[in-house]
């Protein structure tokens with residue numbers, strides 16, 4: 001297995017029925033007059049809410065109460081919901097029966113928790129191409145950053161060499177499932193095999209992978225997986241760290257407070273073991289329930305999800321190739337397997353201005369900047385030779401249609417050929433329409 005996921009049957013059409021998301025019929029006003037259906041091409045930042053998730057949350061809310069130790073029936077229901085979600089997460093990522101599931105706020109929180117739980121003297125090897133969530137939590141003299149590889153084989157060789165140079169003691173290799181800049185899949189199984197040969201553990205940042213492809217921890221032989229609900233169509237503030245429990249049980253609690261304690265006296269505190277050790281305070285029961293429901297929905301529909309996204313990704317990349325001066329950013333090569341994320345520059349065009357015009361004049365939401373992966377994006381911009389300091393990113397998901405993709409391509413061609421139809425100015429470093437006439441939704445007025 002060369003990619004981060006198991007093999008899945010695919011189809012060749014974008015007209016695949018997929019789980020529905022909230023906002024799919026949202027219409028947004030345009031500065032030039034009228035309105036259009038919103039084309040959300042920013043799924044890589046945060047995905048919309050699945051209808052099934054919204055329904056599950058609505059179903060739970062009348063029963064919402066405290067979890068653990070509550071005598072009331074509503075508390076018992078919420079406790080069952082919360083604790084039952086752990087097994088749903090284990091199943092979703094193909095974890096071992098004994099793996100711990102700690103609920104966190106998001107991937108960043110999960111990886112910071114693991115960083116604090118590392119045994120003293122642990123060496124950490126992390127590629128510089130990681131998202132900041134996976135790049136920044138590790139500190140100290142035993143952290144080694146791998147330069148951006150030119151191919152999957154280079155990535156494997158670089159990890160092998162870096163681990164060989166680590167001093168004696170515990171070791172951890174940080175691995176991405178899919179790049180949040182290019183969408184390219186990393187050779188997770190091969191990297192984990194190299195890590196195992198050096199006696200190192202592995203943590204897989206699956207934030208960008210888990211919404212698009214199934215993850216199987218036991219097949220990939222990784223020790224920990226971190227993911228976020230807001231990228232998994234469950235935007236209610238929950239994420240998870242799934243993996244081996246021994247380092248977590250030996251570490252100081254991530255937060256000190258109620259729920260993490262076994263016994264408190266005037267002189268000492270005895271902390272519990274298990275996931276509760278790192279879940280002090282009232283937990284986000286609604287967010288955890290939403291995350292579990294998203295995992296159930298996606299887990300039952302992977303063939304449709306992958307077929308939908310692969311068809312749209314082919315359509316998007318083919319269309320972008322026809323935009324004059326457009327340069328796609330690639331870590332490995334143009335044919336490497338990837339999820340629905342494409343970053344690019346357009347010669348002579350300011351990415352921020354393009355993003356503003358796409359939104360204001362065409363109802364299209366994309367991302368511009370360095371995508372919380374500054375080292376990676378700057379390295380890729382340099383490789384592309386465009387001279388740009390930032391890039392544009394279009395990312396697809398369950399809320400994306402063929403019309404959205406075609407509208408983006410057409411709008412880019414128009415903007416490159418004719419320029420924006422409206423006047424823009426920079427405010428606090430961002431391009432905004434001058435005298436923007438678009439009304440805000442009623443709930444913000």
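Among 417, 115, 240, which one moves the most in a GNM of the chain with springs linking Cα atoms closer than 10 Å?
417
Please work out the C-alpha center-to-center distance from segment 378-445 to segment 193-230 and express it in whole Å.
33
Eigenvalues of the Cα gyration tensor times 5, then square-rooted: what semi-axes does that give for segment 345-426, in whole angstrom, largest first?
Numbers: eigenvalues 89, 56, 26 Å².
One finds semi-axes of 21, 17, 11 Å for segment 345-426.
At a threshold of 8 angstrom on Cα-Cα distance, excluding pairs fewer than six apart, so keeping six or more, what relative contact order does the chain reach in percent?
Values: 919 pairs, mean separation 106.8, N = 445.
Normalised by residue count, the contact order of the chain is 24 percent.
For the chain, what does the helix formula give at 222 nm: sum of -39500 (n - 2.57) over DSSP H segments with n ≥ 4, over the residue count, nearest 500 deg cm²/dmol?
Numbers: 13 runs with 151 residues, N = 445.
Taken over the chain, the calculation gives -10500 deg cm²/dmol.
Cα axis of helix 302-320 to longest principal axis of the chain: angle in degrees, 0 to 90, nearest 10?
The angle comes out near 40 degrees.
What is segment 52-299's relative contact order, in percent, from Cα pairs under 8 angstrom and six or more apart in sequence? Can you show the working numbers first?
On the way: 482 pairs, mean separation 64.5, N = 248.
Relative contact order comes out at 26 percent.
For the chain, take the longest principal axis of its alpha carbons; what is the angle in degrees between that and the long axis of helix 351-362, to the nearest 10 within 0 to 90?
Helix 351-362 sits roughly 70 degrees off the main axis of the chain.
Comparing 327, 69, 314, which has the greatest mean-square fluctuation in the GNM of the chain with Cα pairs linked when under 10 Å apart?
69
By how many degrees, between 0 and 90 and to the nearest 10, does the Cα long axis of helix 285-299 differ from the longest principal axis of the chain?
Roughly 70 degrees, rounded to the nearest 10.
Stokes-Einstein diffusion coefficient for segment 52-299 at 37 °C in a medium of 0.692 mPa s, Rh from the Kirkwood formula over Cα pairs: what value in µm²/s?
On the way: Rh = 18.6 Å.
Estimated diffusion coefficient is 176 µm²/s.
Averaging over every viewing direction, what projected area does the convex hull of the Cα atoms of the chain cover, in nm²? Could the numbers behind the result be given before it?
Values: hull surface 93.8 nm².
One quarter of the hull surface, i.e. the mean projection, equals 23.4 nm².
Using only Cα atoms, what is the ratio of the radius of gyration of segment 1-160 to 2.2 N^0.38 Å? Present the calculation step by step, with values, prior to reporting the outcome.
Numbers: Rg = 21.7 Å, N = 160, 2.2 N^0.38 = 15.1 Å.
Taking N as the residue count of segment 1-160, the ratio is 1.43.
Just to be sure I understand: with springs between alpha-carbon atoms less than 10 Å apart, which residue in 50, 415, 191 has the highest mean-square fluctuation in the Gaussian network model of the chain?
Between 50, 415, 191, it is 415 that shows the largest mean-square fluctuation.
Just so you know, all these numbers are worked out from the coordinates, no wet-lab data involved. Since this is a predicted model, take the numbers as computed values, not measurements.
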